[in-house]
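The values are calculated or read from the model by the stated rules, or taken from the named source; none is laboratory data. Please read all numbers here as calculations on a predicted model, not as lab measurements. Cβ placement follows ideal geometry from the backbone for every residue including glycine, while neighbour counts extend to all protein chains displayed. Calculation scope for accessible area: heavy atoms of the full protein, side chains included, ligands and nucleic acids excluded. Shrake-Rupley method; radii C 1.70, N 1.55, O 1.52, S 1.80 Å.
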Amino acid sequence: MAALIAENFRFLSLFFKSKDVMIFNGLVALGTVGSEELFSVVAFNCPCSPARNYIYGLAAIGVPALALFLIGVVWNNHTWNLVAECHKRGTKNFSAAATFLLFGSIMGRASVAPITWSVISLLRGEAYICALSEFVKPSSLDKFPSDYGAEVLAKFPCRDVPANLTKFRDEVTRRLRYESQLFGWLLIGIVAVLVFLTKCLKHCCSPLSYRQEAYWAQYRSNEDKLFRRTAEVHSRILAAKNVKQFFGFVALDKEEKELVQEFPVEGVQPSPQWNAITGVYIYRENKGFPLYSRLHKWAKGVEGNGPTPEGHELLFLAS
């Protein structure tokens, strides 16, 4: 039983640590749905006042979506690889297609959460009803009293209306909810079509077979894991040497002592090496042999990052 439980926990750990784009995007979308539900229950309160409703309703949809988009851009590795690339080498090595694909990758990944937020907000309808209730034309409502105008319509989302206007409030709410949900479903359909076309375009334009793309993804994931793990150990050993040199001794636990003895660190990597393995990388080939990352290219001693006669640029960016 204990082994079975441990195996299940190991599976869940691997699942949530997966770099697969679909799984990552799904988790982001689920987190956004939960956040939107919490926001609607706890924080959303329509002011039910002319001129304020419109601003508040749009802000309830747009401001969180903008914040989620910026967070997605900041968390994307491509963003900082692009910054490093522009700072160190500029964009002269990128073709127009490669630049477009790079920005498309960043924007697309960052758009998952804000689009999910917008869709859920539209399907719920509260923000849309709050924003547009005052703009409903009284003439479009059958037998609506002429004594009332936008001020009363703005109060419809709060249900704070005279009894003789209850049926009109229900009709306005139903009409606006219909429009809101229609826009939400249309947004879902448009996004689904765009994702489908993007996937088809990527596979049609890719110079690699499906199996080689899968291998490349595995290589990038393994290289990243090993690099991070090795960098953590290297930095710990280097820090231990420097602390020992300053104090004359260093307080290490048993595991750290074993690391220091097993992996002697003589020095640090010079800045040119760090610069060579940092930045944006798009699939290249050197004399027909694939180069799967900047680290791979550096290890093979290949100079430059510009297209070569036998090189290829793939619609799949290395992280």
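What about residue 213, is it closer than 23 Å to residue 45 by Cα, modelled with pLDDT under 90 and part of a helix (DSSP H, G or I)?
No, not satisfied.
Specify which of the listed residues (170, 160) is under 17 Å from residue 47 (Cβ atoms) and assigned by the TED database to the domain that holds residue 56.
Result: 160 is the single residue among 170, 160 that is under 17 Å from residue 47 (Cβ atoms) and assigned by the TED database to the domain that holds residue 56.
What do you reckon, is residue 71 assigned by the TED database to the domain that holds residue 201, more than 17 Å from the chain's Cα centre (by Cα), modelled with pLDDT of 80 or more and in a helix (DSSP H, G or I)?
So residue 71 does not fit the description; no.
Can you tell me which residue in the range 155-173 is surrounded by the most Cβ atoms within 10 Å (Cβ to Cβ), limited to those that are out of contact with any Ser or Thr (no Cβ under 6 Å at 6 or more places or on another chain) and within 15 Å of residue 52 (Cβ to Cβ)?
155
Among residues belonging to the range 174-221 that are closer than 18 Å to residue 282 by Cβ and of a type in the set (Lys, Arg), point out the one that is surrounded by the fewest Cβ atoms within 10 Å (Cβ to Cβ).
Per the criteria, the residue is 202.
Cβ-Cβ distance below 9 Å, separation of 6 or more or different chains: which pairs start in the range 200-217 with a residue that is free of Cβ contacts under 8 Å to residues at least 12 places away in the same chain and end on one that is in a helix (DSSP H, G or I) and open to solvent by less than 50 Å² (accessible area, probe 1.4 Å)?
Within 9 Å, the pairs are 203/213.
Report the residue count in the range 270-291 for those that are assigned to a loop (DSSP other than H, G, I, E, B) and at pLDDT below 90.
Taking the range 270-291 and keeping what is assigned to a loop (DSSP other than H, G, I, E, B), we get 270, 277-280, 283, 287-288.
Then keep just the ones that are at pLDDT below 90; that gives 277-280, 283, 287-288.
Residues flagged as assigned to a loop (DSSP other than H, G, I, E, B) and at pLDDT below 90 within the range 270-291 amount to 7.
Among the numbered criteria (1) in a helix (DSSP H, G or I); (2) surrounded by fewer than 18 Cβ atoms within 10 Å (Cβ to Cβ); (3) not aromatic (Phe, Trp, Tyr), which single criterion is violated by residue 142?
(1)
Collect the residues in the range 227-267 that are within 21 Å of residue 298 (Cα to Cα), open to solvent by 100 Å² or more (accessible area, probe 1.4 Å) and assigned to a loop (DSSP other than H, G, I, E, B), keeping them in residue-number order.
266
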